[in-house]
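K.L.:
A single structure is presented below for examination.
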Amino acid sequence: MSAPDTQDSPKISIVVPVYGCAGCLDELCARLKRSLDSFTTRYEIILVDDRSPDNAWAAITKIQTDYPQVKGIRLSRNFGQHIAISAGLAAARGDYAVVMDGDLQDPPEKIPELYAKLKEGHDLVLARRSQRSHSFFRHAAARVYFRLMRLLTGENIDGSYGTFSLLSRKVIDGFLQFGERERHYLFILHWLGFKIGTIDYDHAKRSVGRSSYSLMRLLRHGADGLFFQATVLLRWIVALGLLFAVLGAMLAVYFVYGYFAHGSAEGWTSVVVLILICTGVLLFSMGVIGLYIGKIFDQAKERPLYVIDAVIERSASW
């Protein structure tokens, strides 16, 4: 039995986005309680129901009667994992916040180690998956994705990291200042620039349900990251357009020279191919620019990041 906390002891908020893992929540809360009771009694568990299709809100309501530390937040519709994390962090009252998945692949038993690492002088601690339970395809796709992001943004982000992390209050406050809709949890943390610590852990296999990230959702999430985390792609389009303009001018000089030197220019097939290639590049470039404009339009509406449908909680006992 741990000693009671004093007023100077930290209060930790556990933020868990919930989607497709209702069957894990009871065991998750039990393991969280055992892990957190080992070094603090002042904590809250925030379960954010991102409109999970497996009736997670009923499970959260039942669990809240057994665990008074649980606070349930139900969003009005599905907004996505990273928005659900933002909703949980906005509701967090602790001096520190742990962000983790609800499917038991992130072990609650690692939280004391996260906290100990942060106390070494770090502002936040990220947990790196030394072994991953994802499929070979998803693991390979993640490596390609983060390499592309490193190339586009210059940020050296390791794909072995997930959302499992511990944040101090100043990091939480900094994170909550972000208002853009297209967000990636890890990219924001790296952008903030605070001192980061790291621990390693084994990524457990999913015991209940299946990942909410289908192939199409992964591709959409990857595209959002590649296109909208940086404007480097627009500069590449400008450079590509300049390159084709120079090549076009050189070809024009070549054809004019051929006309006066040898008569009518030959090779109309190559001209048609060049026209098709240039048209394809133009259409692709216009499409990318259109996507950026569409995202700017969405952002300019200034709609809320999320809407809360319901909240259940008890008064804190500390």
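The values are calculated or read from the model by the stated rules, or taken from the named source; none is laboratory data. Every value quoted in this text rests on a predicted model; they were computed, and no experiment measured them. So basically every Cβ, Gly included, is an ideal-geometry build from the backbone, and we count neighbours across all protein chains shown. Ligands, DNA and RNA are excluded from the accessible area calculation, which covers all protein heavy atoms including side chains. Shrake-Rupley method; radii C 1.70, N 1.55, O 1.52, S 1.80 Å.
K.L.:
Step through the table entries Lys33/Lys117; Lys11/Lys195; Lys11/Lys295; Lys71/Lys170, compare each Cα-Cα distance with 26 Å, and write down the pairs that go over it.
P.N.:
Listed pairs above 26 Å: Lys11/Lys295.
K.L.:
Between Ser76 and Asp158, what length comes free when the chain is fully extended (0.36 nm per residue of separation minus the Cα-Cα distance, one decimal in nm)?
P.N.:
Contour length minus the Cα-Cα distance gives 26.2 nm.
K.L.:
Something else: Put Asp298, Asp101, Asp50 in order of accessible area, largest first, 1.4 Å probe: what do you get?
P.N.:
Reading off the accessible areas and sorting them downward yields Asp298, Asp101, Asp50.
K.L.:
Here is a further query. Ordered by residue, what ³J(HN,Hα) values in Hz, to whole numbers, does the range 284-292 give under the Karplus form 6.51 cos²θ - 1.76 cosθ + 1.60, where θ = phi - 60° and Gly and Pro are x?
P.N.:
Values, residue by residue: 4, 4, 5, x, 4, 4, x, 4, 4 Hz.
K.L.:
Next up: If packing is taken as the mean number of other Cβ atoms within 10 Å per residue, what is the order of 167-176, 17-26, highest first?
P.N.:
In decreasing order of mean packing, 167-176, 17-26 become 17-26, 167-176.
K.L.:
Also, quick follow-up: Taking all protein chains together and a probe of 1.4 Å, list Phe178, Phe297 from the most accessible to the least accessible.
P.N.:
So the residues, ranked largest to smallest area, are Phe297, Phe178.
K.L.:
Okay, next question. Hey, quick one: spin label on Asn55, modelled 7 Å out along Cα-Cβ, who in the range 69-89 has an amide N within reach, i.e. under 20 Å?
P.N.:
Under 20 Å, as judged by backbone N against the label point of Asn55, lie 72-78 of the range 69-89.
K.L.:
Could I ask something else about it? Where nothing but the Cβ of Lys and Arg (+1) and of Asp and Glu (-1) is charged, how large is the charge dipole of the range 4-97 around its Cα centre, in debye to the nearest 20?
P.N.:
The calculated dipole for the range 4-97 is roughly 180 debye.
K.L.:
Using only Cα atoms, what is the ratio of the radius of gyration of the range 19-128 to 2.2 N^0.38 Å?
P.N.:
Against the empirical 2.2 N^0.38 Å value, I get 1.05 for the range 19-128.
K.L.:
Estimate the FRET efficiency between Ser38 and Arg147 by the formula 1/(1 + (r/R0)^6), using the beta-carbon distance for r and 51 Å for R0, to the nearest 0.05. Please report the intermediate quantities before stating the final value.
P.N.:
Numbers: r = 39 Å, r/R0 = 0.76.
Computed FRET efficiency for Ser38 and Arg147: 0.85.
K.L.:
What FRET efficiency would be calculated for the residue pair Ile312, Gln177, taking the C-beta separation as r and a Förster radius of 22 Å, to the nearest 0.05?
P.N.:
0.20
K.L.:
Under a cut-off of 16 Å between alpha-carbon atoms, report the aspartates and glutamates in cross-link reach of Lys301, not counting same-chain residues fewer than 8 places apart.
P.N.:
In chain and number order, the partners are Glu180, Glu182.
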